[in-house]
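Student: I am attaching a structure below and will ask some questions about it afterwards.
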Amino acid sequence: MATSTTTGAASLEDPKTLIARLRSGDVRALARAISLVENDAPGAADVLSGCFPYTGQALRIGLTGAPGAGKSTLVDLLARHYRAQSESVGIVAVDPTSPFTGGAILGDRIRMQSHHADPGLYIRSMATRGFLGGLASTTADIASIVEASGKTRLMIETVGVGQDEVDIVRLADVTVVILVPGLGDDVQSIKAGILEIADIFVVNKSDREGADRVEREIRAMQSLGDHAEGWVPPVVRTVASTGEGTTALAETIERCAQWLRESGKLEQKRTAAWQQRLLEMVRQRLTRELVQHHLGTSELATYARAVAARDEDPYVLVERLVRGLVDLHSGESRPSI
């Protein structure tokens, strides 16, 4: 297994050479490419563009759930299952960032050390860096780089922050929501979007008292929904500590992926995801352009003081700044389709 965490700014290297190296299985090149993107270093956009043609073939599996649900253990078990089937596996595990140090525990590396000698498995732990939604701001880009290295199964594990981890649905082909007994009001633990994003429900630690209740409540809530599209998210029981249910979960994931492909839903899902992601990419690019070339740190601080002192209307100010940026580039033609 190859593991990596965020390092300092990666040294400059020709993007084509770097991509060729990571495509050939060079783990150091893969880690360097990811670090370029995480740090928004020079050449990052070229690396992402060069990796893009090699993406789109892997099955992306998102796993989310509350802290302590056993996500990392299930990811580890699924990785073992896929490797036994000679699938090449990539794991992107997102950990929370400390509000005091900015660092992250990156505990998934600790839990998965048994794979350290497996060249067919690559694990990247990354910090959220304050980004909400269960993922980090560069998770999608890093997933693309890992996929471009030749991985056929890509698992993305969210940070496990609670009820707002819905961004994973835009990144994963199959989204697995993991629940456990004993969370108090079990129905409340899966509301606010989590229920709606699930393609598969897992009741982990199902050897504990209350597992039957969790499954009943999931099915009761499903009975209130509309499943005219033909896929009702199944409930799979697992005991991650013993490995029980791992094979059933993997088979259910493959069955869901097959249904998505055959029904055309996979293409629809990926198209919708790219629509959202393109908007986000444009937003980030415009923000970078504004800050780097038209709104320096000193100017921003000046505006902030003016707004705090109520000498400037922030809504009028933002409109003026954006309009100035648009007017500056108004002479450029719009891209053609």
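Student: Tell me which residues, restricted to the stretch 50-98, are under 23 Å from ALA117 (Cα atoms), assigned to a helix (DSSP H, G or I) and either touching a Gly at 6+ places or on another chain (Cβ under 7 Å) or hydroxyl-bearing (Ser, Thr, Tyr) (or both).
Tutor: Scanning the stretch 50-98 gives LYS71, SER72, THR73, LEU77, TYR82, ARG83.
Student: Tell me, which residue of the stretch 213-246 that is β-branched (Val, Ile, Thr) and surrounded by fewer than 12 Cβ atoms within 10 Å (Cβ to Cβ) is nearest to the chain's Cα centre (by Cα)?
Tutor: VAL232
Student: Restricting to the stretch 158-185, name every residue that is touching a strand residue (DSSP E or B) at 6+ places or on another chain (Cβ under 7 Å), among the charged types (D, E, K, R) and either at pLDDT below 90 or at positive phi (or both).
Tutor: Matches in the stretch 158-185: GLU165 only.
Student: Within the stretch 19-37, which residues are touching a helix residue (DSSP H, G or I) at 6+ places or on another chain (Cβ under 6 Å) and within 19 Å of THR138 (Cα to Cα)?
Tutor: Filtering the stretch 19-37 down to residues touching a helix residue (DSSP H, G or I) at 6+ places or on another chain (Cβ under 6 Å) leaves 19, 21-22, 29-30, 33-34, 36-37.
Within the stretch 19-37, ILE19, LEU22, ALA29, LEU30, ALA33, ILE34, LEU36, VAL37 qualify.
Student: Continuing with this model, one more query. Determine whether GLY210 is surrounded by fewer than 17 Cβ atoms within 10 Å (Cβ to Cβ) and not hydrophobic (A, V, I, L, M, F, W, C). Working first, answer last.
Tutor: Values: surrounded by fewer than 17 Cβ atoms within 10 Å (Cβ to Cβ): yes; not hydrophobic (A, V, I, L, M, F, W, C): yes.
So GLY210 passes the test.
Student: Then there is this: Does any residue of the stretch 199-206 turn out to be at positive phi, at pLDDT 80 or above, assigned to a loop (DSSP other than H, G, I, E, B) and charged (D, E, K, R)?
Tutor: Just the residues of the stretch 199-206 that are at positive phi, to begin with: 205.
Still in the running and at pLDDT 80 or above: 205.
With the extra rule that they be assigned to a loop (DSSP other than H, G, I, E, B), the set shrinks to 205.
Of the ones still in play, those that are also charged (D, E, K, R) are 205.
Checking the stretch 199-206: at least one residue is at positive phi, at pLDDT 80 or above, assigned to a loop (DSSP other than H, G, I, E, B) and charged (D, E, K, R).
Student: Out of all the residues in the stretch 303-324, is one or more modelled with pLDDT under 85, outside any helix (DSSP H, G or I) and among the β-branched types (Val, Ile, Thr)?
Tutor: no
The values are calculated or read from the model by the stated rules, or taken from the named source; none is laboratory data. This one's a predicted model, so the numbers in the text were calculated from it and none came from an experiment. Cβ sites come from the backbone with ideal geometry, for glycine too, and all protein chains shown count toward neighbours.
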